[in-house]
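The values are calculated or read from the model by the stated rules, or taken from the named source; none is laboratory data. Note that this is a predicted model, so its numbers are computed, not measured. Using ideal geometry, Cβ is built from the backbone for each residue, glycine included, and neighbour counts are taken over all protein chains shown. Accessible surface is based on the protein model in full, side chains and every heavy atom, while ligands, DNA and RNA are left aside. Shrake-Rupley method; radii C 1.70, N 1.55, O 1.52, S 1.80 Å.
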Amino acid sequence: MIEKILIIEDEKPNADRLQRLIKIIRPKATILEVLDSISDSVVWFNTHAKPDVVMMDVRLSDGLSFEIFEQVNINCPIIFTTAYDEYAVKAFKYNSIDYLLKPVEQDELLTAFTKLEALSVDSRQKSLEGLLDFLKPKDFRCRFLLPYKDGYKTVQVSDIAFFYSKLKITRAKLFSGSEETIPLTLEELELQLNPKTFFRANRQIIIHVDAIQQVHNYFNGKLKIDIAKNADIEVIISRDKAGLFKSWMDY
């Protein structure tokens, strides 16, 4: 049974909303505290007993909440809240108890709590271990070994402006203007490329940050991206992904 809840959220309206919803669906639960930063969270975990669950925002006033895990040992279930759908899916779908999109809805929060209460202690621990493993620093792909004539050649990832898929074939366009066929899908590449450098713009293209020449507002809340030296290619960022893209470009 969920009795003690910690909220880590830097936007007061969202924190207030969570508290109201929790009082409705779990009126006997105690909200231990509402924290709004990485630094305060680290201090709290070092000086308090673990809660039954932590409601944790992804972006806090002083950085990404992932940094908390690098400084303290957290051994309780985490339910993430985020405004970025795809970011949440990639990071937490299989590694946390649950993730909720803002603004959090009552039925979704109830489902997350019910799911948590139904899990065994062992299952909760495995979810936490999976999350911590996901957050560990990773080695991202830095080169490709590709067939060439009667042998092979290497292509550095840093030399690639973007990857695109056409007729189920993945191609890499280099900054030099040449192209190479890559024997991987965009979905596979997305897991192997450094997310600080590459962004999955849409289903057809993954783009290097240095290849972005200009960003334009487009109709219906979308964005249009100009790729340097590739004026013939139109890259559209959907309205749902526009916020995530702008945060990525600004971080």
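Would you mind putting 189-195, 54-60 in packing order, based on average other-beta-carbon counts within 10 Å, highest first?
54-60, 189-195
Using the charge dipole of the chain (Lys, Arg: +1 at Cβ; Asp, Glu: -1 at Cβ; taken about the Cα centre), state which of Met249, Leu146, Gln192 has its Cα farthest towards the positive end.
Leu146
Just the accessible area per residue of the chain, please: how many Å² with a 1.4 Å probe? Could you put the intermediate results ahead of the total?
Details: 14390 Å² over 251 residues.
Ligands and nucleic acids excluded, the result is 57 Å² per residue.
What is the helix-to-structure angle for 121-135, meaning the angle in degrees between its Cα long axis and the longest Cα principal axis of the chain, kept from 0 to 90 and rounded to the nearest 10?
Result, in degrees: 40.
Roughly how many debye, to the nearest 20, is the charge dipole of the chain about its Cα centre, given +1 on each Lys and Arg Cβ, -1 on each Asp and Glu Cβ, and no other charges?
With Lys and Arg at +1 and Asp and Glu at -1, about 620 debye.
Can you tell me which of Gly151, Gly63, Gly177 moves the most in a GNM of the chain? Springs connect C-alpha atoms under 10 Å apart.
Taking springs between Cα atoms under 10 Å, the residue moving most is Gly151.
With both partners inside the chain, how many of the DSSP beta bridges are antiparallel, as a percent to the nearest 5?
Counting only bridges with both partners in the chain, antiparallel ones make up about 65 percent.
Tilt of helix 38-47 relative to the longest C-alpha principal axis of the chain, in degrees (0 to 90, nearest 10)?
40
Sorted by accessible area with a 1.4 angstrom probe, largest first, how do Thr154, Thr82 fall?
My answer, sorted largest first, is Thr154, Thr82.
Please list, ordered by chain and number, the residues whose modelled amide H lies under 5 Å from the amide H of Leu60; skip anything fewer than 5 residues away on the same chain.
Ser65
How long, wide and thick is the range 175-250, going by the Cα atoms along their three principal axes, in whole angstroms, largest first?
Largest to smallest, the principal-axis extents are 35, 26, 20 Å.
In deg cm²/dmol, rounded to 500, what helix-only [θ] at 222 nm does the chain give when every DSSP H run of at least 4 residues adds -39500 (n - 2.57) and the total is split over its residues?
Numbers: 8 runs with 85 residues, N = 251.
-10000 deg cm²/dmol, from helical runs alone.
If each residue of separation counts as 0.36 nm, what is the full-extension length gain between Ser176 and Lys28 once their alpha-carbon separation is subtracted?
The span from Ser176 to Lys28 would gain 47.0 nm if fully extended.
Express in nm, to one decimal, how much length is gained between Glu11 and Ser247 on full extension, taking 0.36 nm for each residue of separation and deducting their alpha carbon distance.
Length difference between fully extended and current span is 83.3 nm.
Hey, what angle do you get for helix 106-118 against the long axis of the chain, alpha-carbon based, 0 to 90 degrees rounded to 10?
So the inclination is approximately 80 degrees.
Sort the following peptides by mean Cβ neighbour count (other Cβ atoms within 10 Å, averaged over residues), highest first: 199-208, 9-18.
With the highest mean Cβ count within 10 Å placed first, the list reads 199-208, 9-18.
Within the range 142-182, list the residues whose amide N lies under 11 Å from a label point set 7 Å along Cα→Cβ of Asp210.
157-161, 175-176
Which FRET efficiency, nearest 0.05, do Glu187 and Thr111 yield, Cβ-Cβ r, R0 30 Å? Kindly include the intermediate steps, with their values, before the conclusion.
Working: r = 27 Å, r/R0 = 0.91.
Efficiency computed from Cβ-Cβ geometry: 0.65.
Starting from the Cα of Asp232, step 7 Å along the direction of its Cβ; do the same at Leu167; then give the gap between the two resulting points in nm.
Using points 7 Å along Cα→Cβ, the separation is 1.5 nm.
Please compute the net charge surrounding His216, taking Lys and Arg as +1 and Asp and Glu as -1 over other residues with Cβ under 10 Å from its Cβ.
Summing Lys and Arg as +1 and Asp and Glu as -1 gives +1.
Could you sort out which of Lys149/Lys173; Lys222/Lys246; Lys4/Lys50 sit more than 18 Å apart by Cα distance in this structure?
In this structure, Lys149/Lys173 exceed 18 Å between Cα atoms.
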